[in-house]
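To start, the structure itself, in structure tokens.
The values are calculated or read from the model by the stated rules, or taken from the named source; none is laboratory data. Everything numeric here is computed off the predicted structure, so don't read it as measured data. Glycine gets a Cβ as well: all are built from the backbone with ideal geometry, and neighbour counts include every protein chain shown. With ligands, DNA and RNA removed, areas are computed over all heavy atoms of the protein, side chains included. Shrake-Rupley method; radii C 1.70, N 1.55, O 1.52, S 1.80 Å.
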Amino acid sequence: MQSIREIYKIGRGPSSSHTMGPERAAMRFQKEHPEADRFVVRLYGSLAKTGKGHGTDRVLMATLAPVRTEIEWIPEPDFPLEHPNTLDLLAFQGEAQTGFLRALSVGGGDVRYPGEAEAEKREIYPQNSFHEIAEICKSHNLRLSDYVEAQEGKEIWAFLEDVWRAMNAAVDEGLSRRGILPGGLGVERKAQYLFQQKHIDESPETRENRIVCAYAFAISEQNADGGVIVTAPTCGACSVLPSVLRYMRENRGISQRRLLRALAVAGLIGNLIKTNASISGAECGCQAEIGSACAMAAAALGELFEMGVDQIEYAAEVALEHHLGLTCDPICGLVQIPCIERNAVAAMRAINAVRIANFLTATRKISFDTVVRTMYETGRDLSGRYRETAEGGLAKYYAGK
């Protein structure tokens, strides 16, 4: 497996596959073709169907500026797509075509180029399943976070400090903002309202839910507004993990060291899903994004509470299992409805998954690896209407007000 640095990417939303990935491909292509006086970008599949809502065209034209750029939308190409998020970049000098690049935006801000080996991304982890990792941790009396440090080196902690700093900044910025999100749906920012709704008779459980949701709304609203967030593992699912960690840090007296170790374990879980399945909504539906984020958050909480390896596995398994089949149906292709609320709900589910694991780990029958495999097969079986195309579900039946 590759480094967990590939899971956590700091950048602008609203979509790791629709903005971050195409931006990276365009930056590479622009560097390779300084002679171009015109670019053409052809967007296929999901990129074409929901690219306008995600701002794919705006990101591409801004990245390739000042060179004139034409965007072509081709939702149903006359050739089979290797990945739903495919784009072609063409460079021209006068009337002559001087360059061509096909890119696959595979989720989490990552880009694959057909026919090219990913030599620049070194394999860090020799193990590729939770079972293999758990066996090593048990035989060497290691915590999962110790295992991450052993593979990544001590410098991983400085990287995770930067990640945590960016996550917190997104919470703070989101809580400070009010108004209507862009895109035309008229969705109002709600994070500040949630955070300020204090009631005299509010129970501790209700307060926990309210504050966690406020943090989740804050980051997701920043993402929807094109603000700076951290993929965890994607833009669309960016607020599940940091919202629960922020709450626990503030209310449970968690040290910075323990919090960074929780981020390391979450990254490991996201890495396993990405390696053995997918974190792309266009490939496997929202289960691959929100489900993965919920599993990451549950595992992080398990590490935060110093639970054993088996308990952490069970928490992550429960979190992912109960998102199986979740469709990706963003209204108008915007990462707003149902995405923002969905992050908040998943954050609360992550907390509940850990509480279940605390009591029932010894009774479990399903492994984390099995659920990851199941999620991938389920996602590939989903109709294309439910894989980030905005053609089914809520996106189809929402009539507006």
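A few points about this structure:
- Residue that is surrounded by the fewest Cβ atoms within 10 Å (Cβ to Cβ), among those in the stretch 150-186 that are within 21 Å of the chain's Cα centre (by Cα) and within 28 Å of Lys52 (Cβ to Cβ): Pro182
- Conditions (1) aliphatic (A, V, I, L, M); (2) in a helix (DSSP H, G or I); (3) crowded, with 18+ Cβ neighbours inside 10 Å: number failed by Val111: (2)
- Flag not set for Arg349, criterion: more than 16 Å from the chain's Cα centre (by Cα) and surrounded by fewer than 17 Cβ atoms within 10 Å (Cβ to Cβ).
- Residues of the stretch 149-158 satisfying the condition of being closer than 18 Å to Met1 by Cα, of a type in the set (A, V, I, L, M, F, W, C) and touching a residue at least 24 places away in the same chain (Cβ under 8 Å): Ile156
- Residues that are outside any loop (DSSP other than H, G, I, E, B) and either open to solvent by 10 Å² or more (accessible area, probe 1.4 Å) or under 19 Å from Gly333 (Cα atoms) (or both) within the stretch 230-254 comprise Arg246, Tyr247, Arg249, Glu250, Asn251, listed in sequence order.
- Of the numbered criteria (1) assigned to a strand (DSSP E or B); (2) open to solvent by 70 Å² or more (accessible area, probe 1.4 Å); (3) in contact with a helix residue (DSSP H, G or I) (Cβ under 7 Å, 6 or more places away or on another chain), the one Met27 fails is (1).
- Of the residues Glu123, Glu70, Glu116, the single one that is more than 29 Å from Ser367 (Cβ to Cβ), assigned to a loop (DSSP other than H, G, I, E, B) and either open to solvent by 10 Å² or more (accessible area, probe 1.4 Å) or not β-branched (Val, Ile, Thr) (or both) is Glu116.
- Test: residue in the stretch 48-66 that is within 17 Å of the chain's Cα centre (by Cα), of a type outside the set (Gly, Ala, Ser), open to solvent by 10 Å² or more (accessible area, probe 1.4 Å) and at pLDDT 90 or above: no
- Condition check for Leu194: in contact with a helix residue (DSSP H, G or I) (Cβ under 6 Å, 6 or more places away or on another chain), of a type in the set (A, V, I, L, M, F, W, C) and open to solvent by 10 Å² or more (accessible area, probe 1.4 Å): yes
- Scanning the stretch 89-112 for residues that are farther than 17 Å from Leu60 by Cα, without any contact (Cβ under 8 Å) to a residue 60 or more places away in the chain and not charged (D, E, K, R) returns Gln93, Gly94, Ala96, Gln97.
- Single unsatisfied condition, Ser383 versus (1) without any contact (Cβ under 8 Å) to a residue 12 or more places away in the chain; (2) open to solvent by 50 Å² or more (accessible area, probe 1.4 Å); (3) among the hydroxyl-bearing types (Ser, Thr, Tyr): (2)
- Residue match in the stretch 1-22 (condition: over 17 Å from the mean Cα position of the chain (by Cα) and modelled with pLDDT under 90): no
- Residues satisfying the stated conditions in the stretch 30-62, i.e. basic (Lys, Arg) and outside any helix (DSSP H, G or I): Arg38, Arg42
- Odd one out for Arg207 among (1) in contact with a strand residue (DSSP E or B) (Cβ under 8 Å, 6 or more places away or on another chain); (2) among the basic types (Lys, Arg); (3) open to solvent by 30 Å² or more (accessible area, probe 1.4 Å): (1)
- For Arg122: the one exception among (1) over 18 Å from Ile269 (Cα atoms); (2) touching a helix residue (DSSP H, G or I) at 6+ places or on another chain (Cβ under 7 Å): (2)
- In the stretch 261-302, the residues that are open to solvent by 10 Å² or more (accessible area, probe 1.4 Å) and either at pLDDT 95 or above or over 22 Å from Pro338 (Cβ atoms) (or both): Arg261, Lys274, Thr275, Asn276, Ala277, Cys286, Glu289
- Comparison of Leu185, Leu160 shows that the only residue that is out of contact with any Lys or Arg (no Cβ under 6 Å at 6 or more places or on another chain), modelled with pLDDT under 95 and under 25 Å from Gly236 (Cβ atoms) is Leu185.
- Count - residues of the stretch 330-346 that are under 27 Å from Asn251 (Cβ atoms), surrounded by 19 or more Cβ atoms within 10 Å (Cβ to Cβ) and of a type in the set (A, V, I, L, M, F, W, C): 4
- Criterion (in contact (Cβ under 8 Å) with a residue 24 or more places away in the chain, in a loop (DSSP other than H, G, I, E, B) and either in contact with a strand residue (DSSP E or B) (Cβ under 8 Å, 6 or more places away or on another chain) or of a type outside the set (S, T, N, Q) (or both)) met by exactly one of Gly302, Gly325, Gly270: Gly325
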